[in-house]
């Protein structure tokens, strides 16, 4: 089955907030515009406005949820498609992939070290504790 491509080969002028939305970095275009306005998205190490026109070959660094993506724009589209089409709009730098994977692993290790249960033990847990301490 052939799926229709959402990458527009004739799209020459696409706003950056629209491109970020089409590349599936943000769920809505307004969230993409807010992230750009807050300075979480930089193009060639400079802050931009949401209305700035995207161009292929530009290096984009964006921060989202404490993770950093360093990508290069490979194609332009103003239509949001499925994830496979969105992945064709950019190419992530290998160092960025490694750094992001390391950060995710660090977060998982920190989450595993924190206690899962907060507060008083339940009746069953109290009985188990009592049985454990009275064994010896």
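Assorted remarks:
- The sum of -39500 (n - 2.57) across all DSSP H runs of n ≥ 4, divided by the residue count of the chain, sets its helix-only mean residue ellipticity at 222 nm to -11500 deg cm²/dmol.
- The gain in end-to-end length when the residue 40 to residue 59 segment is fully stretched comes to 5.5 nm, 0.36 nm per residue minus the alpha carbon separation.
- Here the extension length gained between residue 99 and residue 80 equals 4.1 nm, from 0.36 nm per residue of separation less the Cα-Cα distance.
- Length-normalised contact order of the chain in % [C-alpha pairs under 8 Å, at least 6 apart]: 23 percent
- Residues considered: 114, 12, 56. Largest GNM mean-square fluctuation over the chain, using C-alpha springs under 10 Å, is found at 114.
- For the options 84, 54, 37, a Gaussian network treatment of the chain with springs between C-alpha atoms closer than 10 Å singles out 84 as fluctuating the most.
- Each label was represented as a point 7 Å from its Cα along the Cα-to-Cβ direction; for residue 134 and residue 67 these points are 4.9 nm apart.
- For the stretch 81-136, the orientation-averaged shadow of the C-alpha convex hull comes to 8.1 nm² (one quarter of the hull surface).
- Along principal axes, Cα extents of the stretch 5-123, largest first, whole Å: 66, 29, 28
- Pairs of alpha carbons in the stretch 32-80 whose separation is greater than 12 Å (percent): 64 percent
Values in this text are rule-based calculations from the coordinates and carry no lab data. In this text, all values refer to a predicted model and were calculated from it rather than measured experimentally. Glycine also receives a Cβ, built like all others from the backbone with ideal geometry; neighbour counts cover every protein chain displayed.
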